[in-house]
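Here's the structure, in structure tokens; my notes come after.
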Amino acid sequence: MGKVYVFDHPLIQHKLSYLRNEKTGTKEFRELTNEIAGLMAFEITRELPLEDVKVQTPVAEADCKTISGKKLGIVPILRAGLGMVDGMMDLIPAAKIGHVGLYRDPETLQPVEYYVKLPSDTGERDFIVVDPMLATGGSAIEAINVMKKRGAKNIRLMCLVAAPEGVEAMQEAHPEVDIYLASLDEKLNEKGYIVPGLGDAGDRLFGTK
Ligand code: URA
């Protein structure tokens, strides 16, 4: 079963409180989303393998370490996932970016892919799928289905806020996928919003309604 990690770093929790506030405007919401995504990327990359290198400083040769060629991919689920990419790229600039766009079929209510572009070496990359909200889990589950169909093998999911219903659905559909969160909230309401959540992340990021 995929593990669920909730990052309790004080900076993440502090920024999340501002993000949740209904009075926070679009510019600040976008900045905070990127900042939290960056801090979460810092935590999520803790296990990256290192290799020994020698570096000549102005004084002497030093025994140092660099990240040993791990190929990472970040895959935002369109549209709200885009709001997390820049903050992560600040820390992991060599990562490749894939995109998965899904819409909900009005009749079946199932997510349907409308845009998918992944790095050509998909089978060799470690992917972090990003979406600020894990509500029912429908989009994230389908995004990972789509990625697996194209050869992705190693996938983790990073969201800011999740509902227990979404976590459970993800664990059932993709039991090997670990989930990384800034908060596991209380529930979904009858309209599919996470409670207390932060509202519609896409609308708040892009100033739409
Ligand atoms: N998507 C959002 O943006 N917010 C929610 O609360 C649920 C899904």
At pLDDT below 95 and exposed (fewer than 11 other Cβ atoms within 10 Å of the Cβ), is that true of Pro58? no
Scan the range 88-129 for residues that are of a type in the set (Asp, Glu) and in contact (Cβ under 8 Å) with a residue 12 or more places away in the chain and jot them down. Asp90, Glu113, Asp121, Glu124, Asp126
Of the numbered conditions (1) in contact with an Asp or Glu (Cβ under 9 Å, 6 or more places away or on another chain); (2) under 16 Å from Met84 (Cβ atoms), Ala163 satisfies every one except a single condition; which is it? (2)
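For Ala140, indicate whether it is in a helix (DSSP H, G or I), within 14 Å of the ligand (Cβ to nearest atom) and over 13 Å from the mean Cα position of the chain (by Cα).
Taking the combined requirement at face value, the residue does not satisfy it.
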Any pair with Cβ under 6 angstrom, 6 or more apart, that starts in the range 182-203 at a residue that is closer than 18 Å to Gly25 by Cβ and ends at one that is more than 9 Å from the ligand (Cβ to nearest atom): Leu198/Leu19; Leu198/Arg20; Gly202/Arg79; Asp203/Lys209
Check Arg46 against each of (1) over 24 Å from Asp178 (Cα atoms); (2) surrounded by fewer than 11 Cβ atoms within 10 Å (Cβ to Cβ) and name the one condition it does not meet. (1)
Go through the range 47-135 and tell me which strands (runs of 3 or more DSSP E), entirely inside it, have 3 or more residues that are in contact with a strand residue (DSSP E or B) (Cβ under 7 Å, 6 or more places away or on another chain) and either among the β-branched types (Val, Ile, Thr) or within 16 Å of the ligand (Cβ to nearest atom) (or both). 72-78, 99-104, 111-117, 126-130
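I'd like the full set of residues that are small (Gly, Ala, Ser) and under 18 Å from the mean Cα position of the chain (by Cα), limited to the range 94-120.
Ala94, Ala95, Gly98, Gly101
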Of the conditions (1) in a loop (DSSP other than H, G, I, E, B); (2) surrounded by 15 or more Cβ atoms within 10 Å (Cβ to Cβ), Thr208 satisfies every one except a single condition; which number is it? (2)
Restricting to the range 168-209, and then to whatever is among the charged types (D, E, K, R) and over 18 Å from the mean Cα position of the chain (by Cα), can you tell me which residue is nearest to the ligand (Cβ to nearest atom)? Lys191
It is to be established whether one or more residues within the range 150-167 are surrounded by fewer than 19 Cβ atoms within 10 Å (Cβ to Cβ), on the phi < 0 side of the Ramachandran plot and free of Cβ contacts under 8 Å to residues at least 12 places away in the same chain. no
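The values are calculated or read from the model by the stated rules, or taken from the named source; none is laboratory data. Because the structure is a prediction, the values reported are computed rather than measured. All Cβ positions, glycine included, derive from the backbone under ideal geometry; neighbour counts span all protein chains shown.
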